[in-house]
Amino acid sequence: MKKRIMFMLPAVLVSLLFLINVQSSASQGTSTPTKVGKGSPQYRAIAGVSMGGYGAMNIGMSHPDTFKTMACLGGPLDMAYLLKFIKVDMLGNYDNPDVYPNRDTAIDMVKDLAISFGNPVYYNPLSTYFPPGITAENARQPTTLLNFKDGEFNPDGSLAVITYGDPFANDWVEVLLAVDLNGNEKRDRGEPIVRQFHEPFTDLNGNGMVDPGEFLDVGLDGVSGTGDFGEGDGLFSFNPNHLNYMAQDPLTYAETMDLSTLQGLNFYLDAGNEDEFQFDIHADNFVKVLKDRGLNVQIEDGFPDSFPRVSHFDQKRVYVKYEGGHVGFDKENIGKSFSQAKRGVKGAIVVANRFTTLFAFVSDHFPGGEYGTNPYEMYRYSSKMGVTSFYSPSLKRRMKFGIYLPPGYKESRSTYYPVLYLLGGYNMSIPGLANTYVRAALDTLILTQEIQKMIIVIPDGMNSKNGRGHFFVNQIDKERGDNYMDYVSDLIQHIDNHLQTK
Ligand SMILES: [Ca+2]
Ligand SMILES: [Ca+2]
Ligand SMILES: [Ca+2]
Ligand SMILES: [Ca+2]
């Protein structure tokens, strides 16, 4: 059924349409749909890249009655591992960052994680955002905290602990504190970041867990006699903000979800074997949980077919490990990557492989469907791609979203389509996905019958209060954030109310 042809530039594509014998959809669109305008889980998919990959899996796995197919392209799936990464790899190696894309963005991400889930590094009973001793009044100016004890760097409290700017002096970090070793009231290279994720422990028996006798019951500050959070309670204590991370953890959903529900879900994952955020380890850990629960997962080293050919899988659960890092998304424009892939740009080909495989997996797991189009339909009832808006009752304001309607959509009011919700990466704009290049790629995939006709909806991944990513959660900090998971729910309702969804 599925033919293979090259991706072509849109103008070339149009002229070739008349030469290619394509299947007409006219005879397929007449069947009576069983469900109208309500949406049905087997005809809904949610997928995303990087931050949006997390959002897709977090929303999808917490709403298995809404989505049956979900996909994560190189995103966080294991929040415990994400916390470890922040503590050890990011903050523990602060002045030798190997973190893509740069320090500025990495710090913004920590801020946005703090807005979304609470500050991962410190516990402050007075604020989910600021470290202890810091308020909105002193966060954005030179502030020195005296007698701030820390078992790792300042056990007797004799050193000053300070606010600081990074990468520039006036670019206030707000959510982190540094130890001012040389007492000059600013952070110099090599001066450590205070990290109070949990009580000190040593994994003496090497089992990767905290066992009795392996931790010091001295509180999060790591110093005995201060009476801080967790001290002397007989338990291994960690920053209570971490509970908010673990409450929205795809890996925990996979561990705890009813087995028959989990079995019913279709998962597609990919990750680069050199991912700078180590999201490949997240995917490995997620797959291990699925396997531990007795579920088969097909694992591929590399894409079986490479752009312009498209990989297809019959299996319910697939994980593709591709060669490379957290590639492509610094461009923040997937459409341009499709364009570059046609010219043979190597990194862009990886991006194109990742998205064509995603689209094909989603399509192959929607039952039935309309494949193919024809020249008349593509002219008379051409596909649409654009950015529009709707009123979100949860956020009490109009919100943007991107939308793709397949060729032929406008031809009949009684033809119904499955929907893919596609969530972008951190700081990726809606037009980075909803643009003419992506539209041309989707049209071609439909024309060549690699994918069925579907509606694609692209929610807004930006927190309107700061113009940065929001992780598609109901953010814990209502002053700096908002209920973006509820926004996605509102959007689904809007789409089902106003579009011809299966
Ligand atoms: Ca200093
Ligand atoms: Ca242990
Ligand atoms: Ca203590
Ligand atoms: Ca304790």
Select from region 120-156 the residues that are touching a residue at least 40 places away in the same chain (Cβ under 8 Å) and not in a loop (DSSP other than H, G, I, E, B) and write down the one among them that is nearest to E199 (Cα to Cα). D150
E152 meets each of (1) assigned by TED's automatic domain parsing to the domain that holds K87; (2) on the phi > 0 side of the Ramachandran plot; (3) within 16 Å of ligand 3 (Cβ to nearest atom) with one exception, condition (2)
When you scan region 214-231, do you find a residue that is surrounded by 15 or more Cβ atoms within 10 Å (Cβ to Cβ), outside the structural domain of N119 (by TED's automatic domain parsing) and not in a loop (DSSP other than H, G, I, E, B), even just one? yes
Taking the residues in region 48-66 that are over 14 Å from Q248 (Cβ atoms) and touching a Pro at 6+ places or on another chain (Cβ under 7 Å) as candidates, determine which candidate is surrounded by the fewest Cβ atoms within 10 Å (Cβ to Cβ). D65
Would you confirm whether any residue within region 234-242 is farther than 21 Å from K149 by Cα, crowded, with 17+ Cβ neighbours inside 10 Å and more than 16 Å from ligand 2 (Cβ to nearest atom)? yes
Got at least one residue in region 201-209 being out of contact with any strand residue (DSSP E or B) (no Cβ under 7 Å at 6 or more places or on another chain) and more than 16 Å from ligand 2 (Cβ to nearest atom)? no
Verdict on P250 being away from ligand 3 (no atom under 16 Å from the Cβ) and touching a residue at least 24 places away in the same chain (Cβ under 8 Å): yes
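The values are calculated or read from the model by the stated rules, or taken from the named source; none is laboratory data. Treat the numbers as computed from the prediction; the structure is a model and nothing was measured. When we count neighbours, we look across all protein chains shown, and the Cβ atoms used for this are built from the backbone with ideal geometry, even at glycine.
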